[in-house]
1. Among S278, S96, S182, determine the one that fluctuates most according to a GNM of the chain built with springs between C-alpha atoms less than 10 Å apart.
2. Report the charge-dipole magnitude of the chain in Debye, nearest 20, computed about the Cα centre from +1 at each Lys and Arg Cβ and -1 at each Asp and Glu Cβ.
3. Once both labels are modelled 7 Å past Cα along the beta-carbon direction, what's the N38-E158 spacing in nm?
4. What order do you get for 232-240, 25-33 when each peptide is scored by the mean count of other beta carbon atoms within 10 Å, highest first?
5. Please give, to one decimal in nm, the separation of the simple spin-label points placed at D190 and R331, each 7 Å out from Cα toward the Cβ.
6. Just to confirm the filter: which GluC sites (Glu not before Pro) across the range 203-309 are DSSP coil and have at most 14 other Cβ within 10 angstrom of their Cβ?
7. To the nearest 0.05, how large is the calculated FRET efficiency for N258 and S322 if R₀ is 41 Å and r is the Cβ-Cβ distance?
8. Rounded to whole Hz and in sequence order, give me ³J(HN,Hα) for the range 108-113 from the Karplus expression 6.51 cos²θ - 1.76 cosθ + 1.60, θ = phi - 60°, writing x for Gly and Pro.
Amino acid sequence: MYKKAILLSTSLFLSVLINITLAQSGYTLQKKISLPGNGEWDYLKIDEAANRLFISHADRVHVINLKTEKETGQITNQHRAHHIITLPQYDKGFISNGDNNTVYVFNYTTLDSITTIQVGGENPDPMCFDKFSKKLYVFCDNKLAVIIDPASDKITGEITLAGAPEFALPDGQGLIYNNLESTDAMNIIDVRKKAVIKTYKLKTHAAPTGMAADFKNNRLFIVCRGINEMAVLDSKSGKLITSVPISAKVDGVYFNENNHMIFCSGGDGILTIIKQRSKDDYAIIERLKTKAGAKTMALDNRTNNIYFTTADFSKEQMKPNSFTLYIYTKR
């Protein structure tokens, strides 16, 4: 009886300790902003230089002033807009469009149209700008990465991939890490060689989507939609360091280098918040309830604000004119 009482007390103590631990992020919902239009949504992009937030939304991209938290413009005539890249050094922005296989180029200052680039690949989705090569890389479903010179808006090359790409992240030193959702793997691209030089295999059925990195410690954070895990990889060797359980339908992941926090957004309406205690030690500190469909996100490292977009649903059908931006702030 005495031993049983000790075990019950210990169990209760651990339960209380876990509950306390899982409530330390300090994030709460601060504001909701209704946005016009219907249809699918994808990436959110923070433009720190002009303090704006770009939100892809089917046939348009919304532009939000982060100071006033109001919509100040729209970039229309899009065709299932996916990713947005802003390059103030060229006074340009770029939007990948999945339905017509293009990259739309707009004026960074005025948001006016500049040109449309036919990329030659299928469903261009993730993009990244590599500072080392000064090129824009557009990743297409037909295992192709298209290289664009942002100064001239001309295609300068292509790279064959080992699977259908989902997200890409440059290290600034000449390498691009690229998740392959279709083959449970990740490519490493050498921009000098314009070729894949390594492929790291992930767990079976991993279906990797978003990626973030702590390049100072050679650590990659890969969220795997197929198995509801965040994989921590050594970027040099591809070795799996550890895995952390996360929520379902995950798409986005961000690493805040200032406070060593990792945020994994799930379409099931849960944001998994993970603390990096050391380069090889990770602990969940909160599973923050957001809203169903909020699978993509943006994190502002200057303010620690987190932005999600989603809509209301009834019987799995999206309700018209219900698209909304959710802003979470840290207390």
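The values are calculated or read from the model by the stated rules, or taken from the named source; none is laboratory data. Values in this document were obtained by computation on a predicted structure and should not be read as measured data. Every residue, glycine among them, receives a Cβ derived from its backbone with ideal geometry; neighbour counts consider all protein chains shown. These accessible areas exclude ligands, DNA and RNA; they are computed on the full protein's heavy atoms, side chains included. Shrake-Rupley method; radii C 1.70, N 1.55, O 1.52, S 1.80 Å.
1. In this elastic network of the chain, the residue with the biggest mean-square fluctuation among S278, S96, S182 is S278.
2. That gives the chain a dipole magnitude of about 1100 debye.
3. Spacing of the two 7 Å Cα→Cβ label points: 3.7 nm.
4. Packing order, densest peptide first, comes out as 232-240, 25-33.
5. Rounded to a tenth, the inter-label distance reads 5.2 nm.
6. E257
7. Efficiency at R0 = 41 Å is approximately 0.75.
8. After applying 6.51 cos²θ - 1.76 cosθ + 1.60, I find 4, 7, 9, 6, 6, 5 Hz.
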